[in-house]
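Undergrad: The structure that follows is given in the form of structure tokens.
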Amino acid sequence: MSTVEKPLRVLIVDDNRDGADALGLLVEALGNQVHVTYGGIQALDVANAFQPDLMLIDLVMPDIDGCDLATQLRRIPAFKQTKIAAITGLKDERHKVLAMKAGCDLVLTKPAALDEIKAVLASVELSSGTAVRSRKAPKGRPNQALENRLPIDEARKIRSDRESKSLTQTESEAAICDGIIRFQEEYLGWRSNQVQIHFIKDLLVVRIRSVLTLAERQLGKTATPEKGRDLIKQTRKQLLELARPMLESLVYEAVGVKVRSMHHDISTVTGEEVIVFSFAEIPRFE
């Protein structure tokens, strides 16, 4: 049973993959949407795209330690009030003081007890009030992609007829949305019209709701929760890897900027799939 009325978005950052995945499984089982990343550098991009309500950060990591990561996150306006909890195997008071000075709200000692995790989740719900329940999309132009699907052939024609040879942001979103839905229909045998697309500087975030198939839901029920979750995520990751050239080409055609990397995650609780594309430069639209 969920500890909150609506799922919290929880980002877990830890270079210990087994520990991070285990904590992610626990937080997800409590009814929340979880994204796990295994390094501090990548976490900055993921946080901007995922917009978490809570971040659980390991203090000792090889690329950026937890204190440096918390300091950098607090410099980003969107995360000035976001709850950040450090989780560490270090038990001395000095590291706790350093973590609090860096911007962490509290420090948990590994292995964190279930009651401690529940208390942190509950504190986010209490401090945010109705904010979690009424989460809005990032400010900016309304996403018209679903109402205005734009086949890529039509997008090419629009671009060729235009002096700037580029699309507007709304046209780019509509073309990507149409391509994602067509990909689902042709390669996966199903489709979800609940697709949300938005740009954040040099990132493109694609959120697809309720994408778990019946077979995947049955897999989650018949196998152990941990095994079912891992199998679902591995299968989805393999599918996306096979489709990566096609998806990156689609995005490049719609945006006009080369894709630098593609990250993927799927929540086996909420059924939301997230694909984050990072660009070689910030896109410029018509």
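Undergrad: When the stretch 17-51 is examined, which residues are found to be touching an Asp or Glu at 6+ places or on another chain (Cβ under 8 Å) and of a type in the set (Phe, Trp, Tyr)?
TA: Tyr38
Undergrad: Please state which of the following conditions Thr88 fails to meet, knowing it meets all the rest: (1) in contact with a helix residue (DSSP H, G or I) (Cβ under 6 Å, 6 or more places away or on another chain); (2) crowded, with 17+ Cβ neighbours inside 10 Å.
TA: (1)
Undergrad: So, one more: Could you pull out the residue among Asp21, Asp45, Asp63, Asp15 that is assigned to a loop (DSSP other than H, G, I, E, B), in the same structural domain as Lys96 (by TED's automatic domain parsing) and modelled with pLDDT under 85?
TA: Matching residue, one of Asp21, Asp45, Asp63, Asp15: Asp63.
Undergrad: When the residues of the stretch 183-230 are filtered to those that are under 22 Å from the mean Cα position of the chain (by Cα) and among the small types (Gly, Ala, Ser), which remaining residue is farthest from Gly271 (Cα to Cα)?
TA: At the first step, the residues of the stretch 183-230 found to be under 22 Å from the mean Cα position of the chain (by Cα) are 183-184, 188, 191-213, 216-217, 220, 225-230.
Then drop every residue that is not among the small types (Gly, Ala, Ser), which leaves 192, 210, 220, 228.
Details: Ser192: 11, Ser210: 4, Gly220: 12, Gly228: 14 Å.
Here the answer is Gly228.
Undergrad: Out of all the residues in the stretch 170-198, which are farther than 19 Å from Arg209 by Cβ and surrounded by fewer than 20 Cβ atoms within 10 Å (Cβ to Cβ)?
TA: Matches in the stretch 170-198: Thr170, Glu186.
Undergrad: Grab the strands (runs of 3 or more DSSP E) fully contained in the stretch 180-286, keeping just those with 3 or more residues being modelled with pLDDT of 80 or more and aliphatic (A, V, I, L, M).
TA: Fully inside the stretch 180-286 and qualifying: 195-200, 203-208, 273-279.
Undergrad: Tell me which residues, restricted to the stretch 148-165, are crowded, with 19+ Cβ neighbours inside 10 Å and either small (Gly, Ala, Ser) or in contact (Cβ under 8 Å) with a residue 60 or more places away in the chain (or both).
TA: Ala155
Undergrad: Of the conditions (1) within 20 Å of Asp18 (Cβ to Cβ); (2) in contact with a helix residue (DSSP H, G or I) (Cβ under 6 Å, 6 or more places away or on another chain), Asp53 fails just one. Which one is it?
TA: Evaluating Asp53 over (1) within 20 Å of Asp18 (Cβ to Cβ); (2) in contact with a helix residue (DSSP H, G or I) (Cβ under 6 Å, 6 or more places away or on another chain) leaves (1) as the failure.
Undergrad: Would you please name the residue that is farthest from Ile180 (Cα to Cα), looking only at residues in the stretch 231-286 that are small (Gly, Ala, Ser), in contact (Cβ under 8 Å) with a residue 12 or more places away in the chain and surrounded by fewer than 20 Cβ atoms within 10 Å (Cβ to Cβ)?
TA: Result: Ala280.
Undergrad: Next question. Starting from the stretch 179-204, take each residue that is on the phi > 0 side of the Ramachandran plot and list its partners that are in a loop (DSSP other than H, G, I, E, B) and among the aliphatic types (A, V, I, L, M), counting only C-beta distances under 9 angstrom and pairs at least six apart or across chains.
TA: Close Cβ pairs satisfying both conditions: Lys201/Ile282.
Undergrad: Identify the residue in the stretch 102-120 that is touching a Ser or Thr at 6+ places or on another chain (Cβ under 9 Å), farther than 21 Å from Asn16 by Cβ and not acidic (Asp, Glu) and, among all such residues, is surrounded by the most Cβ atoms within 10 Å (Cβ to Cβ).
TA: The extreme case among them is Gly103.
The values are calculated or read from the model by the stated rules, or taken from the named source; none is laboratory data. Predicted model, so just to flag it, every value in this text is computed and none were measured. Quick reminder, even Gly has a Cβ in these numbers, built from the backbone with ideal geometry, and neighbours come from all protein chains shown.
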